[in-house]
Each structure stands twice: as structure tokens, then as C-alpha cells.
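Read-outs: derived from the displayed coordinates by stated rules, not from any lab. Computed from a prediction, not measured in an experiment: that's the story for all the values here. For neighbour counting, all protein chains shown are included, and Cβ atoms are generated from backbone atoms with ideal geometry for every residue, glycine included.
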Amino acid sequence: DTEVTQTPKHLVMGMTNKKSLKCEQHMGHRAMYWYKQKAKKPPELMFVYSYEKLSINESVPSRFSPECPNSSLLNLHLHALQPEDSALYLCASSPPGGKAPGEQYFGPGTRLTVT
Amino acid sequence: DAKTTQPNSMESNEEEPVHLPCNHSTISGTDYIHWYRQLPSQGPEYVIHGLTSNVNNRMASLAIAEDRKSSTLILHRATLRDAAVYYCILRDVAGAGSYQLTFGKGTKLSVIP
């Protein structure tokens with residue numbers, strides 16, 4: 001299994017809603033990542049988890065709350081989002097250091113629309 | 001963060017070779033050069049990486065200048081499925097066993113039938 005899966009594929013939510021994005025991989029990778037990609041822009045790193053611990057938060061607003069319950073699963077909890085948060089949210093994972101220097105496997109993304 | 005510079009767009013005829021350039025004049029000795037591509041409506045996909053020597057894999061070749069300040073991704077025979085945005089990235093270490101990829105604007109490759 002060399003896939004990163006993300007659910008849901010599409011999500012429409014109001015500004016007062018609470019929702020969660022889910023990301024899963026079963027490749028034994030111990031690093032997982034959340035990226036945000038606006039239309040016609042490159043992906044921007046949001047969070048990095050290494051061995052289930054948050055190692056990087058790129059000054060992301062607190063309305064985005066990541067969670068890594070185990071080494072295969074990564075969640076992104078969303079609360080009180082703004083319309084400008086509408087974007088494609090990408091999850092990625094990478095093997096432990098030493099096996100492959102930083103190659104990241106990306107999921108297909110969740111297309112989020114905030115109304 | 002080290003930065004990369006790529007042309008905004010390039011065109012290639014189908015079945016012709018394509019050379020995608022990337023400048024990274026501030027590269028440090030430990031930075032790996034990674035290339036990813038993103039097809040329309042998909043997540044980015046790893047293409048190839050290198051440190052100092054030229055590299056080949058089933059998807060592409062990577063030619064790295066001797067001073068490492070530039071590199072070129074080579075697609076030997078472009079197909080319509082190669083139409084994508086190609087990103088040249090210098091990989092940073094983010095933490096124990098994790099790595100940080102800072103995407104630049106990339107080069108949008110169009111392949112003409």
C-alpha cells in the first residue's frame with residue numbers, strides 16, 4: 001500500500017461549523033504533514049508531525065487544530081473558519097530519516113469551501 | 001530558507017525531450033535538490049532528487065551543476081501526461097525524521113500534441 005488517503009474529497013462548511021479532515025497512510029511513515037494550497041498557488045506548509053509529536057507549526061491560526069492520534073492517522077480540526085480559508089488541503093507523509101531523504105507522498109487533497 | 005528560481009512556463013512538443021531549469025544560488029552543502037510535479041486536480045508527486053551527482057530514474061534525469069547552484073530536470077520524451085507544474089525544491093530538515101519542503105512558484109509545462 002503506497003497511498004495516502006484523505007477524506008472527505010470535498011467539504012462545504014459555514015463559518016460557525018466545526019468539521020475535521022482526515023488523512024491516513026499505512027506505509028510505516030513516521031512523519032506527516034498538512035499543506036494548504038490556494039488556487040494557482042504552490043502548496044504552503046502548515047504543520048509537521050514527527051513520531052506523533054508536533055514539530056513545526058508555521059504560525060497557523062488557532063482555528064486550525066492538528067491531531068496525530070497514531071502513526072498512521074492525521075486529523076485537521078476546523079472551527080470558525082473564514083471564507084479566505086477556502087483552499088485545497090493536502091496531507092503528506094515521509095519515511096523515517098535515513099531510508100529516503102525526505103521524499104514525501106501526497107494525498108489527493110480535500111477541497112474545502114467556507115461559506 | 002534556501003530559495004529556487006524557475007521559469008513560469010515552458011512548452012514542449014510531444015515525444016521531444018524537455019529540459020526544465022532551476023537556479024538555487026544560495027544552496028548549502030547539505031541541501032538535497034528535490035523535484036516534484038503536480039498534475040491538474042492532484043496532489044504533488046515526487047519525481048527525483050539528488051545531492052551532487054547526476055541521477056536517473058524511470059521518470060526523469062536530474063543534472064546538477066558542478067557548483068550546485070543550478071540543476072536541470074530532463075524528461076526524455078514528453079507525453080501529454082507530463083503536462084503539469086514542476087517544482088524544484090531544496091529540502092530542509094524539519095525535525096527528527098521529518099523534512100520541510102518549501103515550494104516555489106514552479107514551472108507550468110504544456111505539452112503540444
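Rounding to the nearest 20 debye, state how big the charge dipole of chain B is about its Cα centre with +1 on each Lys and Arg Cβ and -1 on each Asp and Glu Cβ. Each step should come with its number before you reach the end.
Details: 10 positive and 11 negative charges, 32 e Å.
For this selection, approximately 160 debye.
Within region B:53-113, all pairs of alpha-carbon atoms sorted by distance into 5 Å bins from zero give the percentages 4, 14, 18, 22, 22, 13, 5, 2, 0, 0.
Binning the alpha carbon pair distances of region A:1-84 at 5 angstrom intervals from zero yields the distribution 3, 13, 23, 26, 21, 10, 3, 0, expressed in whole percent.
From the alpha carbon gyration tensor of region A:53-115, can you work out the equivalent ellipsoid semi-axes (sqrt of 5 times each eigenvalue) and give them in Å, largest to smallest? Don't skip to the answer; put the middle values down first.
Values: eigenvalues 124, 38, 22 Å².
Largest first, region A:53-115 gives 25, 14, 11 Å.
Volume of the convex hull of chain B (Cα atoms only), normalised per residue: 100 Å³. Across chain B, the mean sequence separation of Cα contacts (distance under 8 Å, 6 or more residues apart), normalised by length, yields a relative contact order of 36 percent.
With pairing defined as another cysteine C-beta under 4.7 Å, the cysteines of chain A that fail it are A:CYS68.
From the P(r) of region A:1-50, could you give the percentage of C-alpha pairs in the tail past 16 Å? Don't skip to the answer; put the middle values down first.
Numbers: 703 of 1225 pairs.
When every Cα pair of region A:1-50 is considered, 57 percent fall beyond 16 Å.
Here is the list for region A:17-56: trypsin sites (Lys or Arg not before Pro) lying in DSSP coil, each with at most 11 other C-beta atoms within 10 angstrom of its C-beta, are A:LYS40. Here, the protein assembly as shown has an Rg and a Dmax of 17.7, 55 Å when only alpha carbons are counted. Pairs over the 23 Å Cα-Cα cut-off, from the set A:LYS41/B:LYS69; A:LYS9/A:LYS38; A:LYS53/B:LYS3; A:LYS22/B:LYS105; A:LYS36/B:LYS69: A:LYS41/B:LYS69; A:LYS53/B:LYS3; A:LYS22/B:LYS105; A:LYS36/B:LYS69.
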